[in-house]
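In what follows, a single structure is set out as structure tokens and then discussed.
The values are calculated or read from the model by the stated rules, or taken from the named source; none is laboratory data. Keep in mind that what you see is a predicted model, and the values were worked out from it rather than measured. Virtual Cβ from ideal backbone geometry, glycine too; neighbours counted across all protein chains shown.
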Amino acid sequence: MKNRYPLEALVSLREQRVDERAREVADQRQRTDAAQARAEQARRQREAEQARVGEAVTAERDRVEDGGARVADLAAAARFAAQGAAHIEALGQREQELSQELREEQVEEERRRRALAGADADAKAVAEHRQRWRQERAAQIEAREEDDAADVFGGRRGKR
């Protein structure tokens, strides 16, 4: 009888798949983290621009209320407010796009985690089978050795 597990190649293959899936999860995690950083940066940019435009509009409104603004100043303030609103809108759109990209990366990461879990379960199943096979093989060898010993010491030598 051979002492080598007949499915050893399968054990190696399953272990390789686990390693590959783990690398894929790690790589995807990096992509997810990068997407999250981009989405956060876009949010901060939009919020900063909203604050900047809001402060400028408030200051200009205060000038108008104090009577220190001319018609040309009012027109410039209106243009500035419109441009600021358009810029904030564009930043908001970019933020939404990056948030969607982040969600897609998170979905992909979860898919890869499930693939890793499946590969790990497959590897564990084969490893458990190998362990049971080795235990059964050891029991068979022990039983054969006991039979051989009984034959030698029991006087049944040569009566097979």
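Name the single residue, out of those in region 70-81 being among the charged types (D, E, K, R) and at pLDDT below 85, that is surrounded by the most Cβ atoms within 10 Å (Cβ to Cβ).
ASP73
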| message | I need the full set of residues from region 24-49 which are without any contact (Cβ under 8 Å) to a residue 24 or more places away in the chain and either over 15 Å from GLU101 (Cβ atoms) or not in a helix (DSSP H, G or I) (or both), in order please. | response | ALA26, ASP27, ARG44, GLU47, ALA48
| Here are some conditions: (1) of a type in the set (Val, Ile, Thr); (2) within 44 Å of the chain's Cα centre (by Cα); (3) more than 30 Å from ALA37 (Cβ to Cβ). ILE141 meets all but one. Which one does it not meet? | (2)
| query | Just checking, which of GLY118, GLY67, GLY92, GLY84 is at positive phi and either surrounded by 12 or more Cβ atoms within 10 Å (Cβ to Cβ) or not in a helix (DSSP H, G or I) (or both)? | reply | GLY67
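From the list GLU105, GLU110, GLU55, GLU47, pick out the single residue that is over 30 Å from ARG132 (Cβ atoms), surrounded by 14 or more Cβ atoms within 10 Å (Cβ to Cβ) and acidic (Asp, Glu).
GLU105
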| field | Output for region 1-23, where each listed residue is assigned to a helix (DSSP H, G or I) and either among the aliphatic types (A, V, I, L, M) or surrounded by 14 or more Cβ atoms within 10 Å (Cβ to Cβ) (or both) | value | ALA9, LEU10, VAL11, LEU13, ARG14, GLU15, ARG17, VAL18, ARG21, ALA22
